[in-house]
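Some notes on the structure that comes next.
The values are calculated or read from the model by the stated rules, or taken from the named source; none is laboratory data. Not measured: the values here are computed from a predicted model. So basically every Cβ, Gly included, is an ideal-geometry build from the backbone, and we count neighbours across all protein chains shown.
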Amino acid sequence: MAAPPLTDAERQQIRDLHAAGHGCNAIARQLGRDRATISKHAKDLDLTFDRAQTRVATQARVDDAKHKRALLADQLLDDALRLRGQLWEPCKVYNFGGRDNTYAEANLEQPDFAGQEKILRSLAVAVDKHARLIELDRDPEGLAAVDAWLRGITGL
């Protein structure tokens, strides 16, 4: 069901809120209308919204995400080092189950070959993901493409 047309009072509210410095989203929330409706009618009323705040907020989110990826990459490298250490460390192996639902364990000087293989696979995944996260933020062309896309959608 389509929303009812804007009333004259709502149009005036759009003008007043715009003049008070409210953005399109804030006006839409306050009037209980869709953002696209507010945007369309603001354009009809020759009102424009300052996109500088959007650009700053978007850049802050990009910077925050880059920081989080750097932290995660660092943690993955730490995980890889811990996994590497497990290759030659004493370990406990166990088995639980069977018809009698029994539990058995043994201590080994180091993981058996199958255990070492699993550790190496996990180590390889951690190192690969670490490298991928580092590469994401090292790629200036990729960052430039994201910046161009953001500018395109915000009209800046």
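Quick look at the values:
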quantity	calculated
Residues (surrounded by 14 or more Cβ atoms within 10 Å (Cβ to Cβ), outside any helix (DSSP H, G or I) and among the small types (Gly, Ala, Ser)) located in the range 21-73	23
Of all residues making up the range 83-103, the number that are touching a Pro at 6+ places or on another chain (Cβ under 6 Å) and in a loop (DSSP other than H, G, I, E, B)	0
Filter result for residue 136 (modelled with pLDDT of 95 or more and of a type in the set (A, V, I, L, M))	no
Every pair of residues 6+ apart whose Cβ atoms lie under 8 Å, when the first sits in the range 19-38 and is free of Cβ contacts under 8 Å to residues at least 60 places away in the same chain and closer than 21 Å to residue 57 by Cα while the second is part of a loop (DSSP other than H, G, I, E, B) and among the hydrophobic types (A, V, I, L, M, F, W, C)	23/49; 24/49
Evaluation of residue 106 against (1) of a type in the set (Gly, Ala, Ser); (2) modelled with pLDDT of 95 or more; (3) assigned to a helix (DSSP H, G or I) (one fails), failing number	(3)
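Residue-by-condition table, conditions (1) in contact (Cβ under 8 Å) with a residue 24 or more places away in the chain; (2) in contact with an Asp or Glu (Cβ under 7 Å, 6 or more places away or on another chain); (3) surrounded by 13 or more Cβ atoms within 10 Å (Cβ to Cβ); (4) not β-branched (Val, Ile, Thr):
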residue: 90; (1), (2), (3), (4): no, yes, no, yes
residue: 99; (1), (2), (3), (4): no, no, no, yes
residue: 103; (1), (2), (3), (4): no, no, no, yes
residue: 106; (1), (2), (3), (4): no, no, no, yes
residue: 109; (1), (2), (3), (4): no, no, no, yes
residue: 116; (1), (2), (3), (4): yes, no, yes, yes
residue: 119; (1), (2), (3), (4): yes, no, yes, no
residue: 122; (1), (2), (3), (4): yes, no, yes, yes
